[in-house]
Each structure stands twice: as C-alpha cells, then as structure tokens.
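The values are calculated or read from the model by the stated rules, or taken from the named source; none is laboratory data. Given the structure is predicted, the values throughout are model-derived calculations rather than measurements. Positions of Cβ are backbone-derived with ideal geometry, glycine not excepted, and every protein chain shown enters the neighbour counts.
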Amino acid sequence: MTRRLLFIVAAAAAALHGHGLADASRRSIALASIVPGSCAPLVDERFAAPGEPASALSVVFTVDAEGGLREAAATGPSASAAFDALQIRWLGTCRFTRGARPAADGSTRGVVVFPRWTPSAAASSDAPPGSKPAVLDIQACAPKADDYPAAALRAGAQGTTSIRFTVDEQGRLAVAEVAASSGNSMLDAVGLQRLMHCRFRAARQADGTPVGATFSLDYRWRLQ
C-alpha cells in the first residue's frame, strides 16, 4: 500500500469538532480541551539548563462531567521534574470543554504537550504591527511518509488530528494540545511531535508590541 499524507494548515478554531464524513481522512473526534484564555499566565521558566537538551512534557488529563480537571499524568516527562511539576500545576488553573465520547461517569480525556527549549531557541519577530502569528517554514513541520506509525498503517488508520497551540511573544511554541483526535493516538502523537519542528513568528499588536496568540493546525492522515 502506498502511503500518502496530506498536511493542512487551518484557520484559528477551524475543524476542531469533526463529524464522521465520507472521506475517512477527514474524520476527527473532539477531545477534552483547554478553554482558550482561561488559564493563569504561563510560567516563563521553559528554558533548559546550559548543556541540557531541549525536551518536552506530554500529559494526558481527565476532565469530569462538569468540565473540571480530575487528574493529569505525565506520559512522557521532560528532562526536568521541576519543569514538569510547574506545567501540571499550571494546567490546574485552566477551565476545560468536555470531549465528544465521555466514559460512563461522564469524564473525557485530553492530551497536551509543553516544549522545554534551549536558550538559543528564542526566536525574534520581524512581523509588522497588527500582524497575526505565522508558521515560517511549513515544510519543517510537515510529516513524511516514514512518520506513519507501522501499527497505524497495518490497522488502516486515517483521520484528522486538529492541534490547538499557543505561540508566545518570542515566537516560541509554548503549549500544544490535541483538540480533535484522528481516532488513532499514534497519529495524534506524530502530529504533536512534528509541530515542535515548526518555526513561528510572533503576533504583534497595533503598536508593534509582540504578544502571545493561540491558533490551530490540522494534520490529515490519508492512505491510498
């Protein structure tokens, strides 16, 4: 079977709640997700120590029937336990929307990733005043055919992973979450991994001040 991947950049808030369409690659399932703007400011301690490699914390969290955070567990810790604890505490300041497929007790799950950069990862922004954030090199974060997990390929898994993420005022990826799953957690994980290869430009206010902003991107997985 030939593997073919389609990579689509969506406008902010687009395609976050997919509904089983005829094209299997468009299928997506809304997960529990953070309500944009509901959290405390991100703690700006996201840099690795000198000589320490960049890494990322992956967290699976559960939201109860009322939309409150029930639990959060690191499924892929970063190189710093202190960093991980800070991010999980930050998650507790957020409000959430429930996912589309609740468990018997009404709870739903979500997935979020927190990159931890090296100091050299800070990016300058040469965007004009009043501009939106942008992806500078779309090919850097596009998945390749070899990124398709073998188990997902054998299972014929297809669908769309919609990722909502925040780019901070320095043009760094601050936090990313799977807003809608492809239906296959391996494909979703690849989407998050590839996103961390993107380079971004920060948004700027009308007076030219750089600001953080949240927008979204779709990875559409298709087999032919």
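Based on what the data block shows, is Glu52 at pLDDT 60 or above, assigned to a strand (DSSP E or B) and among the acidic types (Asp, Glu)?
Details: at pLDDT 60 or above: yes; assigned to a strand (DSSP E or B): no; among the acidic types (Asp, Glu): yes.
So Glu52 fails the test.
The residues in region 160-190 that are part of a helix (DSSP H, G or I) and of a type in the set (D, E, K, R) can be counted, and the count is 1. Total residues in region 89-113 satisfying the condition of being in contact with a Lys or Arg (Cβ under 7 Å, 6 or more places away or on another chain) and assigned to a loop (DSSP other than H, G, I, E, B): the figure is 2.
Out of curiosity, is Phe114 touching a helix residue (DSSP H, G or I) at 6+ places or on another chain (Cβ under 6 Å) and at pLDDT below 95? First the steps, then the outcome.
Values: touching a helix residue (DSSP H, G or I) at 6+ places or on another chain (Cβ under 6 Å): yes; at pLDDT below 95: yes.
Against the criterion (touching a helix residue (DSSP H, G or I) at 6+ places or on another chain (Cβ under 6 Å) and at pLDDT below 95), Phe114 qualifies.
No other residue among Thr209, Thr214 is hydroxyl-bearing (Ser, Thr, Tyr), under 16 Å from Leu136 (Cα atoms) and modelled with pLDDT under 90 apart from Thr214. Scanning region 98-113 for residues that are aliphatic (A, V, I, L, M), surrounded by 15 or more Cβ atoms within 10 Å (Cβ to Cβ) and out of contact with any Asp or Glu (no Cβ under 6 Å at 6 or more places or on another chain) gives Ala100, Val111, Val113.
Put simply, of Gln205, Gln158 the only residue that is crowded, with 20+ Cβ neighbours inside 10 Å, of a type outside the set (A, V, I, L, M, F, W, C) and over 16 Å from Ala32 (Cα atoms) is Gln158. Of all the criteria given as (1) over 26 Å from Ala32 (Cβ atoms); (2) crowded, with 21+ Cβ neighbours inside 10 Å, the one not satisfied by Leu173 is (1).
So which of Ala157, Ala65 is in contact with a helix residue (DSSP H, G or I) (Cβ under 7 Å, 6 or more places away or on another chain), in a loop (DSSP other than H, G, I, E, B) and at pLDDT 90 or above? Break it down stepwise before answering.
Working: Ala65 fails: in contact with a helix residue (DSSP H, G or I) (Cβ under 7 Å, 6 or more places away or on another chain).
Every option except Ala157 fails the conditions.
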